[in-house]
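In what follows, a single structure is set out as structure tokens and then discussed.
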């Protein structure tokens, strides 16, 4: 790795960490120089989280040394790491929603003083955040802020506390394209002022765009390191996965089959009476993928849940294979051939404390083969699990393994095995590749395409434009609870969808810049 | 995907323990943990005994003899265990569905009223008809009582802890109300009902002892709940509800229906316990007969690790401990409240031990 300054900001040497009989980190050397952005790439379970936890003092390494700004960090805890000048921006923010931005910055910050000086801190915060292009209103309640703005608060917290090294864990996974651009610009400015930055990401494009150096981990070892200028998408993907990753083949356009799902004027209000879904109407045909793009929080979740029967519609109709199913239960819809992959694996699509077999049967346990008369057929659970675990290559110790012992990728394979393994007529897939590494994500997309090839209809909701562009026969965009489009293949491109994602009508080709600011976050308070 | 499978299993990287614990292992581990907790509780209570100027060994010896020392002692303890098993396994099922039912006491109380009322109203019926009728009345009354709290939760968003707790007071005071009024024994000087006709008494289970057949009913209920939880769609629904509300909704399981069903089940079992106490132990309704049962049922459910089958050992532990305590009080002059100290300490240690276990818990 290139090393322009004589003493690096951070030097980790020979880091080893073993969990059970798995070597999560094997003899890892990592050096970060001042004023460099280093991309840390790797699949889930490749050891990058473990390495960062070791650095931040959340986990103790079995062997190895850490030197930070010339001083060793030994047996440290996060508190000491913070004091030494390491700032970590977690994927899940550590903010108090009921407090203002300024108050969150002051929390636990000694230099804020013994007495609360909100005014001073607010002024400092406004000045500093403006300087880095991360404009924040110090008096806004965190609860009212979008995901992207909360991230800015976390970054400003770290900077004001004098962080010399910033670790960002998957910082762009929930941001809209304009927000990503803003974040990357701010990171460059921080780098130019001498900070070291570790940028953890799955997204090769962003890593190549913003990073000076790239380090790739696979199976606990460094498989490649060097300047980002020398790397390509293909070379990085190969280092991460250990083989070439072909992008999913754009589906051959075929004559769509019969219409299987149709919605008319579908609207949903939440408990507080706020309209989350407004007059959504579309139709979906067999053998077709209708992809829906959009910034998170614009009604995608509500759309998926109302179609699956998890939440009721306030008005409108859902017609499935000619029958009105608007009032049918989730169970009846599942039985009729409507499959659903929700985004949240930890507490919705899977029950981590149940076994693989039970999770595979959790949407069908009231029916044969899982049910025999008044009893659950335990043998059928085992049999189905054994078949599907093999068919969908889920790696686990067997049907009785608890799902919480599986990796994220294997958990999602389990969900796919249950939902696609049922050979549904319609599949609702909501961010099915969320949080997956490229290998596992590609597997999921391949399975979706295979279902399409066999005549299934797919509603594919994702905030990842690349996926939407690659898979969609038609593409719509969710904005502020409305469905814009859908446009058929040939009529959409990245730029046009980008405009639609911030609220422009499908016909528009440009947008005044200030609209970006206003529309960047989820529109609902 | 071929190359991917050659990598070391990332699933193992996330969980140091790796594979799922086998059933036998889990039970052995559970017994070990809980046994240790019980021993620790006795050890700490021994200090309290020492401070009180009693020899702990003497006291514990009289406790053991009081619990196991004679046929009468054992049958007394078994009868004490019966309502604990019934109410405890009901609470276990509720907790599995994450419905915090602490209303066992009220449900037992109204179950006792209903059973006593039927037995007093129809004294001339043959035992084979009267006893099932009275027990059924107890079960229905208990189920109704629990269902009130369930309905309040579903339709009025009243938390079940509050609902069941308040209904405890209403239920136990209704016993007093009945005994000071229409159901009281005239001129008894104590709030109790007249003695029930003999054909309403529960038949004995073992000839020559006081053990009544309610014990059989309780064991059947425990086994039935075990089968319900692990081998029926109903139990699967409860477990889904208990694990995560959003997973249950996704699986098409109605939370309202589940709450109501499990409350009916637990209330029915508690009501039966009330009926069994009236028909099998006291042969009449007396004031305060349900005192403390509801909370012991919660303790037993926790001691059993929310495993219906494990309610058997947990319930017997409580039953024998309390009957032994009475003997200890008589012989050594140790206040029987010390037993509540031991029970409390056991629960503290058991909960600590379970804290160690939660990472690997199966729902």
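Numbers below:
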read-out: Scan of segment A:443-455 for residues that are touching a residue at least 60 places away in the same chain (Cβ under 8 Å) and within 11 Å of chain B (Cβ to nearest Cβ), ordered by number; value: A:446
read-out: Verdict on residue B:338 being within 14 Å of chain A (Cβ to nearest Cβ) and more than 28 Å from residue B:113 (Cβ to Cβ); value: no
read-out: Options A:385, A:440: the member that is within 13 Å of chain B (Cβ to nearest Cβ) and farther than 30 Å from residue A:475 by Cα; value: A:385
read-out: Conditions (1) away from chain A (no Cβ under 14 Å); (2) modelled with pLDDT under 95; number of the one not met by residue B:225; value: (2)
read-out: Residue match in segment B:289-297 (condition: surrounded by fewer than 24 Cβ atoms within 10 Å (Cβ to Cβ) and farther than 30 Å from residue B:32 by Cα); value: yes
read-out: Odd one out for residue A:484, checked against (1) over 18 Å from residue A:359 (Cα atoms); (2) touching a residue at least 60 places away in the same chain (Cβ under 8 Å); (3) more than 10 Å from chain B (Cβ to nearest Cβ); value: (2)
read-out: Checking residue A:221 against (1) within 14 Å of chain B (Cβ to nearest Cβ); (2) in contact with a strand residue (DSSP E or B) (Cβ under 7 Å, 6 or more places away or on another chain); (3) at positive phi; (4) surrounded by fewer than 21 Cβ atoms within 10 Å (Cβ to Cβ), the condition it does not meet; value: (3)
read-out: Enumeration of residues in segment A:23-43 that are closer than 17 Å to residue A:406 by Cα and either surrounded by fewer than 22 Cβ atoms within 10 Å (Cβ to Cβ) or more than 12 Å from chain B (Cβ to nearest Cβ) (or both); value: A:23
read-out: Flag for residue A:411 being within 12 Å of chain B (Cβ to nearest Cβ), crowded, with 24+ Cβ neighbours inside 10 Å and not in a loop (DSSP other than H, G, I, E, B); value: yes
read-out: Of all residues in segment A:46-59 being more than 14 Å from chain B (Cβ to nearest Cβ) and part of a loop (DSSP other than H, G, I, E, B), the one that is farthest from residue A:13 (Cα to Cα); value: A:58
read-out: Complete set of residues in segment A:421-430 that are within 15 Å of the chain's Cα centre (by Cα) and surrounded by fewer than 22 Cβ atoms within 10 Å (Cβ to Cβ); value: none
read-out: Residues that are facing chain A (nearest Cβ under 7 Å) and not in a helix (DSSP H, G or I), drawn from segment B:240-258; value: B:244, B:251, B:252
read-out: Residue that is farthest from residue B:341 (Cα to Cα), among those in segment B:292-312 that are touching a helix residue (DSSP H, G or I) at 6+ places or on another chain (Cβ under 7 Å) and in a loop (DSSP other than H, G, I, E, B); value: B:306
read-out: Identity of the residue in segment B:165-187, surrounded by fewer than 14 Cβ atoms within 10 Å (Cβ to Cβ) and more than 16 Å from residue B:144 (Cα to Cα), that ends up nearest to the chain's Cα centre (by Cα); value: B:173
read-out: Meets criteria (in contact (Cβ under 8 Å) with a residue 12 or more places away in the chain, surrounded by fewer than 19 Cβ atoms within 10 Å (Cβ to Cβ) and either assigned to a helix (DSSP H, G or I) or in contact with a strand residue (DSSP E or B) (Cβ under 6 Å, 6 or more places away or on another chain) (or both)) for residue B:328; value: no
read-out: Those residues of segment A:304-318 which are in a strand (DSSP E or B) and surrounded by fewer than 18 Cβ atoms within 10 Å (Cβ to Cβ), in sequence order; value: A:315, A:317
read-out: Hits in segment A:132-165 (condition: in contact with a helix residue (DSSP H, G or I) (Cβ under 8 Å, 6 or more places away or on another chain), part of a helix (DSSP H, G or I) and within 20 Å of residue A:184 (Cα to Cα)); value: A:148, A:150, A:151, A:152, A:153, A:155, A:156, A:157, A:159, A:160
read-out: Candidates B:319, B:271, B:315, B:280 - the one that is in a helix (DSSP H, G or I), touching a residue at least 60 places away in the same chain (Cβ under 8 Å) and in contact with a strand residue (DSSP E or B) (Cβ under 8 Å, 6 or more places away or on another chain); value: B:280
read-out: Residue within segment B:190-207 that is without any contact (Cβ under 8 Å) to a residue 40 or more places away in the chain, within 14 Å of another protein chain (Cβ to nearest Cβ) and touching a strand residue (DSSP E or B) at 6+ places or on another chain (Cβ under 7 Å) present; value: no
read-out: Members of segment A:362-381 found to be under 18 Å from residue A:422 (Cβ atoms) and more than 8 Å from chain B (Cβ to nearest Cβ), listed by number; value: A:364, A:367, A:368, A:369, A:370, A:377, A:380, A:381
read-out: Residue count, segment B:159-216 (criterion: in contact with a helix residue (DSSP H, G or I) (Cβ under 7 Å, 6 or more places away or on another chain) and not in a loop (DSSP other than H, G, I, E, B)); value: 17
read-out: Hits in segment A:99-122 - residues which are outside any loop (DSSP other than H, G, I, E, B) and touching a residue at least 12 places away in the same chain (Cβ under 8 Å); value: A:100, A:101, A:102, A:103, A:104, A:105, A:106, A:118, A:121, A:122
read-out: Residues satisfying the stated conditions in segment A:448-493, i.e. under 19 Å from the mean Cα position of the chain (by Cα), surrounded by fewer than 21 Cβ atoms within 10 Å (Cβ to Cβ), under 23 Å from residue A:419 (Cβ atoms) and modelled with pLDDT of 85 or more; value: A:470
read-out: Some residue of segment A:416-434 being farther than 18 Å from residue A:304 by Cβ, more than 8 Å from chain B (Cβ to nearest Cβ) and in a strand (DSSP E or B); value: no
read-out: Selection from segment A:335-360 of residues that are part of a helix (DSSP H, G or I) and either more than 8 Å from chain B (Cβ to nearest Cβ) or without any contact (Cβ under 8 Å) to a residue 40 or more places away in the chain (or both); value: A:335, A:336, A:345, A:346, A:347, A:348, A:356, A:357, A:358, A:359, A:360
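The values are calculated or read from the model by the stated rules, or taken from the named source; none is laboratory data. Everything quoted here is computed from the prediction, not taken from an experiment. So basically every Cβ, Gly included, is an ideal-geometry build from the backbone, and we count neighbours across all protein chains shown.
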